[in-house]
Amino acid sequence: MDDITRNSIAQPAHGAEHERAWTDVPHVALMARPARRAPLASAAAVPSGPSWSGLFGDRGWAAVTVGGLGLALIIADGVMLSTHGTASAAIGLVAVLAASTLSSIAGFAFSALCGALLFHLLDDHIHVVQIMIVCSIAMQSLSVAALWRSIDWRSLPVFLLGGILGVPAGVYLLLHLQGGVYRGIIGALLVAYGSYLVLRRRVGDAPLLRGGALADACAGFLGGITGGLVGFPGAAVTIWCSHKGWDKARQRGVYQPFILCMQPVALIAINLMLPSSPADAPPFDWTVVAFVPAALLGTWFGLHIFKRLSDRQFELAVNTLLIVSGIALII
């Protein structure tokens, strides 16, 4: 075969290879081509300052609206209380709002914080106790409803059983001990323990306590005693749940409904164990209902702050609140 014939036969293969090579070129060139730059925005399109819609968003605007309406309602409550001759109660609304906000961040210690403020603002101590009980039940109901999916239904009954058994012992001590003594002792213990946790030098995570149902019931029993004694059922259960290594949602899913259940139990036990007859008891003052909006608004603020805390920040908030509540009990 001569050279011309061989070249003519080999030409198609060379042409096909040449065609494949050129077919790939556009893809390579397209991949290597730099991205087209977006046109510069005009001066009119560039925002000159922060956008309110971007700052708040749809949910943010809803939160601002709810907060504004709540504050307006509290102002109206203050005006109503002032017209009824209870001008100091208007300042008490601010105290309830502050106490409910702080306590709702961690989920406990409302009675300790609110009592420390209201007992210095209002003269009628029975009226103060009524305010704390009604507002606390309203707060805990809202908190439990907001954290309903986080409630630990398997662990909660054991704590409640211990708490119900401990409430009568706490009420007995309440009726037979001098008030200032036991409040000072419990307050000092909370301050010392909370300070130890806050100031403790961390070398890693704290050792976890893996107690069983009996230990949970004992923590609930101690919570029942303090609930009947000083209206503060959440301290022991809160401390115990934090040492079990649970996250913030599971902790509040136990001690939040525990506090809610212990409050009416303690109230019933006090009424049943009082030596005086029900006829001698002072009438219920219905003006306490005016303090409920302040308590609910503070709870709403506190829950919003709680949702933005990490587990470590929540632990610090709980320990700090233990110290503050202990100081409030001593005062």
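Only a single criterion out of (1) touching a Leu at 6+ places or on another chain (Cβ under 8 Å); (2) at pLDDT below 90 is not satisfied by PHE258, namely (2). Just to be sure before I move on: is SER136 more than 25 Å from LEU190 (Cα to Cα) and small (Gly, Ala, Ser) in the structure I sent? No.
I'd like the full set of residues that are surrounded by 24 or more Cβ atoms within 10 Å (Cβ to Cβ) and of a type in the set (Phe, Trp, Tyr), limited to the stretch 215-260. PHE232, TYR255, PHE258 - these are the residues of the stretch 215-260 that are surrounded by 24 or more Cβ atoms within 10 Å (Cβ to Cβ) and of a type in the set (Phe, Trp, Tyr). The set of residues in the stretch 94-129 that are of a type in the set (A, V, I, L, M, F, W, C), surrounded by fewer than 22 Cβ atoms within 10 Å (Cβ to Cβ) and outside any helix (DSSP H, G or I) contains only LEU122.
When the stretch 194-213 is limited to residues that are closer than 19 Å to PHE258 by Cβ and surrounded by 10 or more Cβ atoms within 10 Å (Cβ to Cβ), the one that is modelled with the highest pLDDT turns out to be ALA213.
Screening ALA146, ALA112, ALA188 for residues that are modelled with pLDDT under 90, over 18 Å from GLY223 (Cα atoms) and of a type in the set (Gly, Ala, Ser) leaves exactly one candidate, ALA146.
Of the residues examined, VAL158 is not one that is over 18 Å from PHE108 (Cβ atoms) and either outside any helix (DSSP H, G or I) or modelled with pLDDT under 90 (or both).
The values are calculated or read from the model by the stated rules, or taken from the named source; none is laboratory data. Here the structure is a predicted model, which means the values were calculated and not measured. So basically every Cβ, Gly included, is an ideal-geometry build from the backbone, and we count neighbours across all protein chains shown.
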